[in-house]
1. Just give me the residues in the stretch 25-41 being touching a Leu at 6+ places or on another chain (Cβ under 7 Å) and closer than 25 Å to Gly105 by Cβ, in sequence order.
2. Taking only the stretch 1-41 into account, find how many residues are within 23 Å of His113 (Cβ to Cβ), part of a loop (DSSP other than H, G, I, E, B) and without any contact (Cβ under 8 Å) to a residue 12 or more places away in the chain.
3. For the structure I just gave you, tell me whether Ala109 is more than 22 Å from Ile60 (Cβ to Cβ) and small (Gly, Ala, Ser).
4. Among the strands (runs of 3 or more DSSP E) confined wholly to the stretch 42-160, which include 3 or more residues that are open to solvent by less than 40 Å² (accessible area, probe 1.4 Å), at pLDDT 90 or above and touching an Asp or Glu at 6+ places or on another chain (Cβ under 9 Å)?
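The values are calculated or read from the model by the stated rules, or taken from the named source; none is laboratory data. Keep in mind it's a predicted model, so treat the numbers as computed, not measured. When we count neighbours, we look across all protein chains shown, and the Cβ atoms used for this are built from the backbone with ideal geometry, even at glycine. These accessible areas exclude ligands, DNA and RNA; they are computed on the full protein's heavy atoms, side chains included. Shrake-Rupley method; radii C 1.70, N 1.55, O 1.52, S 1.80 Å.
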Amino acid sequence: MLHLDDIASHDRLFDWTQRLLTQVIGPLSRGETAHYTPYDWHARAFGAPRPLPPAPVVVIEGVGAGRRALRPYLARLLWMELPHEESWARGQRRDGAELREFWAGWVAAERAHFTADPSRPHADLLVLQTPEGYEVLPGPARSIGPDHEVTHRDGSSAVW
């Protein structure tokens, strides 16, 4: 799993596509181990390179993972269906008072990003949090047919 919080930085909240392509997607697409330099949000600096070995499934998690420039490289795009206010509150609780000022800028930057390059309409699957866990539903980009990968039954949906 790769967290996009490790790829983005204070100076490049959303301007990190080339860095991700060069450090991660390029090597993985050649079957090589990727090496990316994670960003430390408190120190405001990039750290030592970390390896990310090729695997049958590599999850790229975070805001911007479904951007237009990355979609050609994705096998599936999952969208976590969560109200903006709730996701922002979770981030603020996680980061604490030290990054409070950052969050004021983040909210505006995220809104601008999704206005210019929306991801949700391209999602293959929607993931919804429920009191029992998560429910996975077909996304706007998926057409449901006899070969779909979502099994509908009582309770949560099962994926592959």
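1. If the condition is that a residue be touching a Leu at 6+ places or on another chain (Cβ under 7 Å) and closer than 25 Å to Gly105 by Cβ, then Tyr36, Trp41 are the ones that fit.
2. Total satisfying the criteria: 3.
3. On the way: more than 22 Å from Ile60 (Cβ to Cβ): no; small (Gly, Ala, Ser): yes.
Against the criterion (more than 22 Å from Ile60 (Cβ to Cβ) and small (Gly, Ala, Ser)), Ala109 does not qualify.
4. Numbers: elements: 50-52, 78-81, 125-130, 133-138.
Strands (runs of 3 or more DSSP E) meeting the threshold: 125-130.
Residue-wise test of (1) under 30 Å from Gly133 (Cα atoms); (2) in contact with a His (Cβ under 9 Å, 6 or more places away or on another chain).
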position: Gly26; (1), (2): no, no
position: Pro38; (1), (2): yes, yes
position: Pro51; (1), (2): no, yes
position: Pro56; (1), (2): yes, no
position: Gln92; (1), (2): yes, no
position: Gly96; (1), (2): yes, no
